[in-house]
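Data block below; observations after.
The values are calculated or read from the model by the stated rules, or taken from the named source; none is laboratory data. Predicted, not measured: the structure shown is a model, and the values here were computed from it. Heads up, the Cβs are rebuilt from the backbone with ideal geometry, glycines too, and the neighbour counts pull from every protein chain shown.
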Amino acid sequence: MDERYDLGGQYFGSVFVKCSFAGPPPPWAVAEDRLRAALALLAAMPTDRVPGPGALPAGSWVPHAPNPLFVGREAELRAVAAALRQKEAAALCPPVGLSGIGGVGKSQIAAEAAHRFGPWFAGGVFWLDCAEPASIDAQVARLGAEAALEAPEGFAALTLEEQCALVLRLWRSPLPRLLVFDNLEEDALLHALRPKQGGCRVLVTSRRGEWSAAHGLLPVPVETLPRAESVALLGRFRPDLMPGQAALDAVAEALGDLPLALHLAGAFLRENRRDETGEPARYLAALRARGLEEPSLAGVPGASGVADISPTGHDRHVARSFALSWNRLDPAAPVDALARRVLACAAWMAPRVPIPRAVLARAVRALAGDEAAPVGQALARLAALGLVTEEAAGEPVLHRLVAAFVLARAEEAEAARAACGRALGEALFAANETGLPARALPLAPHAVHLLAGFEAGAAPGWLAPLLNNLGSHERLRGDLAGARARFERALAIDCAALGEQHPNVAVRRNNLALVLQDLGDLAGARAQFERALAIDRAAFGEQHPRLAIRLNNLALVLREQGDLAGARARFERALAIDRAAFGEQHPTIAIRLSNLAAVLRAQGDLAESQARAEQALAIFRAALGEEHPNVAVGLNNLAEGLRMQGDLAGARACFEQALAIDCATLGEEHPNVAVRRNNLALVLQDLGDLAGARAQFERALAIFVRALGPEHPRTRTVRGNLDALPRA
C-alpha cells in the first residue's frame, strides 16, 4: 500500500518547495549501535592538533582535493574543529563561519578542514557552492544521486523538488555529518539550508562577518597569512629562493600577505624561473609600478602558456575577487553610496592598521557634506560584504590590495585624500595639545602613509598643517630627526604659498627652532625664534599670547647660551602677557613660572626660584593631574632647587617621581627620561650611592647616544658626568 509523506515547505535558492512523494519512508532512523559508534568517533576528533588529510567516509562529496601547497592556518583549523565537536550528542549544533575578505583563503581552509577532520564524521562530508543560489537545488539533488547518500530505491525517478526535500530530510537524522556551505552570503539562505534538527555540523565560508543572532553562528575570522607563512607559501613554488628569504619577504609585503595574490605571484615566479622576469626583485618592481594591473594578479598564463589552477576552483583574478563585493554597493542607495565614500577615505589610510573611527567619520562626513551621515551603518555594510574587517576594539582595517582596488575606481578619490588629510591634521593637533605622545600613536601611521605621496611636487592646502602636526608628535616622542624633516617641509610649503610674513610661517619657524634646539643647534634655533617673533610682533602687536610663546622660546635658547639676564627679561615679559590673557591658574602660567624658576636658580636667587617652582608645580597638578609630563618638569625643577639647597633626600624623591612619570608617559627611550636619569644620578652621587649613580648615568648615556648621537652636547655632558664619577 502506497503512503504519501508531506515534507513541508523548504527554500532552496530562489525556489520555494512544497512537495510530497510516493514510496517507503526515508531512513530517519539510525541503528542505535551505529549512532553510538558515530558519536564516539566524533568525540575522538582531535582539536589540539591538525591531522593530515584522510580518507572521507563513503558517499562524501567534496569537489576539491587536498592542496599540496597549503601552509599554516593551524589556529583557524583547530578553532573550526573545536567548534564542530563542541556538542557530541545528537543535538542541533550551531553553524561555524569562516569569514574574511575576498582572496584570503576561506574556501581553502574549509576544504582542508573537510579532508583533515572529515574522517571523523561517520555520515560523510558534503559540499555546496552557494555563490549562485539558483544552482543549489541541483547540487543538493546530486548529493543524493551521485554521492549515494543513503537514497532510497527509485530516487532518480523523483522530481528535482522531491530529491531536494528528501536529502534535506536525511540531513535531519541524528547521524553526524559535515556540511560545507561555501560562498554563502545571505541570512535567508543559511536559514533555509541549515538542518533544523539532527546531527549535522555546518561550516560556512563567507565574506560577511556579521550574521543574524538567530543562527547562533560561531565565527572564525580569517586574516591574511603571517609573514613567515606567506614566505613559506611562495617558497613552495620556488624552493630555490628559500635561502634568500628577504626577496620573498618583500614580495609578500607588497601583496599584503593575501593568499590568493601570493598563490598567483608564486605561480608566476615558478613559470618564469628561467627568465629574468622570474627574479623576485624585478617582479617586485613590476608589482609596485602596476599594482593590481600587474598581469600575474589576473591569472594570466606564464611563460609556458599554462594558466595556474585554483585549488578551490575560484576565479584566479584578485581585482575580480574584490569586485564581487564592490559591485553590490548600489550608488543609488544612500547607505551604499556612503559606504563607497567610506572606502574612498579608508583607502588613503595605512593598510592593515586600525583606523580610528572618529577620524574616519570626520573625513567621510566632510566628503559627503553631511555632518549627520550614518558612517557606522556604512561600515557595517562594508563589513557584511567583507571589504573591511574590524579589530577587537571595533576599529576598521583595510587590506593593501583592497585599498588599491578602491582608489582605481572611486570617483571621489582625490577629494577623499584631502578630507583625510584635514581630518588627520586636526586630530593630531588635538592629541598633541594634551602633551601625551600616546594620544597620537593611533594616528601617526595613517599620517605617514598619506604623506608618502607628497614628498615633492604639488602641495595642497592641508599638507603643511598635517606635516607640522605630525612633526610635533614625532618631537614629543623623541624622534628629532623625523620631526626636523617634517617641520622643514611644512616651512618651505607655507613660505611658497603664503609669503614670508604670514603668521603660519611664524608657527613653522617656531617649531623648527624647537627641534633645532633639541638637536643642539642653538644658533640655528635662535635665528628661527627671532624671525618668528618678528612676524608675530608685526601681525599681532605686543600683548598677544602668541608673542608670549615666541618670547618664552627665545628665552630658553638665551638661557642655554648663557645670557641669563636676557632670558629672565623675556620670561618675565611672557609671564605678564599670559597673566593678562589667562589669569593666574592656567597651565601656560605654570610653564612660564617653571622656566623663570630655572633662570633665577642659575642666577643664584634660590629662594625666589623655589617659590616660583612650587607655584608652577601646584598649577600643573591642579590642571593636569599627577601623571602628566609637565608635572615631571615641575618636579624636576623643584628637585634642582632642593639639591642646591642641600635637601638631598627631598631632591631624590622629586627626581624619582619625575622619572616614573616620564617613563610611563613618554617611554623608556625618550630623551626626557635620560635627563631625569642624569639628574637623579647627580643626587645619588651626592648621597654617596656611587653604584646607583653609575647605573643611572649609563642608562642616560645610552638613551642620548641612540636619540641624539654621540656628539650631542647633552650626550657629552652625561659622558663627562660618568667619567668624573669616582669608582665605588
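Against the list (1) buried (at least 19 other Cβ atoms within 10 Å of the Cβ); (2) among the polar types (S, T, N, Q); (3) within 32 Å of the chain's Cα centre (by Cα), the condition residue 139 fails is (3).
Within region 58-76, the set of residues being in contact (Cβ under 8 Å) with a residue 40 or more places away in the chain and not in a loop (DSSP other than H, G, I, E, B) comprises 61, 76. You will find that of 643, 621, the residue that is basic (Lys, Arg), under 38 Å from the mean Cα position of the chain (by Cα) and on the phi < 0 side of the Ramachandran plot is 621 and no other. Among the helices (runs of 4 or more DSSP H) confined to region 192-283, the ones with at least 1 residues that are more than 19 Å from the chain's Cα centre (by Cα) and surrounded by fewer than 17 Cβ atoms within 10 Å (Cβ to Cβ) are located at 245-254.
I need the full set of residues from region 622-672 which are over 22 Å from residue 434 (Cα atoms) and acidic (Asp, Glu), in order please. If the condition is that a residue be over 22 Å from residue 434 (Cα atoms) and acidic (Asp, Glu), then 640, 647, 656 are the ones that fit. Selection of helices (runs of 4 or more DSSP H) fully inside region 393-476 by the criterion of at least 2 residues being within 30 Å of residue 630 (Cα to Cα) and either over 20 Å from the mean Cα position of the chain (by Cα) or not acidic (Asp, Glu) (or both) returns 413-433, 444-451, 463-476. Could you tell me how many of the residues in region 621-657 are over 23 Å from residue 603 (Cβ atoms) and either modelled with pLDDT of 95 or more or part of a helix (DSSP H, G or I) (or both)? Qualifying residue count for the region: 13.
Could you please tell me which pairs satisfy a Cβ distance under 8 Å, a separation of 6+ or placement on different chains, a first residue in region 179-199 that is more than 18 Å from residue 84 (Cα to Cα), and a second residue that is of a type in the set (Asp, Glu) and surrounded by 16 or more Cβ atoms within 10 Å (Cβ to Cβ)? Filtered contacts from region 179-199: 183/129.
Annotation note: of 572, 560, the sole residue that is modelled with pLDDT of 95 or more, surrounded by fewer than 22 Cβ atoms within 10 Å (Cβ to Cβ) and in contact with a Leu (Cβ under 7 Å, 6 or more places away or on another chain) is 572. Determine whether region 604-613 contains at least one residue that is touching a Ser or Thr at 6+ places or on another chain (Cβ under 9 Å) and crowded, with 22+ Cβ neighbours inside 10 Å. Yes, the conditions are met somewhere in region 604-613.
Across region 543-583, the qualifying residues are those that are in a loop (DSSP other than H, G, I, E, B) and free of Cβ contacts under 8 Å to residues at least 12 places away in the same chain, and the one among them that is nearest to the chain's Cα centre (by Cα) is 583. Select, from 605, 662, the only residue that is farther than 24 Å from residue 567 by Cα and of a type outside the set (A, V, I, L, M). Step by step, each of 605, 662 is checked, and only 662 is farther than 24 Å from residue 567 by Cα and of a type outside the set (A, V, I, L, M). Residue selection: residue 672 satisfies the criterion of being within 34 Å of the chain's Cα centre (by Cα), modelled with pLDDT under 95, in a helix (DSSP H, G or I) and not small (Gly, Ala, Ser). When residue 675 is tested against (1) closer than 30 Å to residue 440 by Cα; (2) of a type in the set (A, V, I, L, M); (3) surrounded by fewer than 16 Cβ atoms within 10 Å (Cβ to Cβ), exactly one condition is not met: (3).
Within region 357-364, identify whether any single residue is without any contact (Cβ under 8 Å) to a residue 12 or more places away in the chain, in a helix (DSSP H, G or I) and in contact with a helix residue (DSSP H, G or I) (Cβ under 8 Å, 6 or more places away or on another chain), and answer yes or no. No: zero hits. Among all positions in region 607-621, there is at least one residue which is free of Cβ contacts under 8 Å to residues at least 12 places away in the same chain and either among the acidic types (Asp, Glu) or under 25 Å from residue 517 (Cα atoms) (or both).
Of all residues in region 439-476, which are surrounded by fewer than 21 Cβ atoms within 10 Å (Cβ to Cβ) and either touching a residue at least 60 places away in the same chain (Cβ under 8 Å) or at positive phi (or both)? Passing the criteria: 442, 445, 448, 449, 457.
Of all the residues in region 344-379, those that are closer than 24 Å to residue 220 by Cα, buried (at least 17 other Cβ atoms within 10 Å of the Cβ) and more than 14 Å from the chain's Cα centre (by Cα) number 2.
Which of the residues belonging to region 477-492 are within 27 Å of residue 630 (Cα to Cα), free of Cβ contacts under 8 Å to residues at least 40 places away in the same chain and among the charged types (D, E, K, R)? Scanning region 477-492 gives 479, 484, 486, 488. Looking at (1) closer than 17 Å to residue 655 by Cα; (2) surrounded by 16 or more Cβ atoms within 10 Å (Cβ to Cβ), can you tell me which one residue 688 breaks? Going through the list (1) closer than 17 Å to residue 655 by Cα; (2) surrounded by 16 or more Cβ atoms within 10 Å (Cβ to Cβ), residue 688 breaks only (2). The residue of region 126-152 that is modelled with the highest pLDDT, among those that are among the small types (Gly, Ala, Ser) and part of a loop (DSSP other than H, G, I, E, B), is 131.
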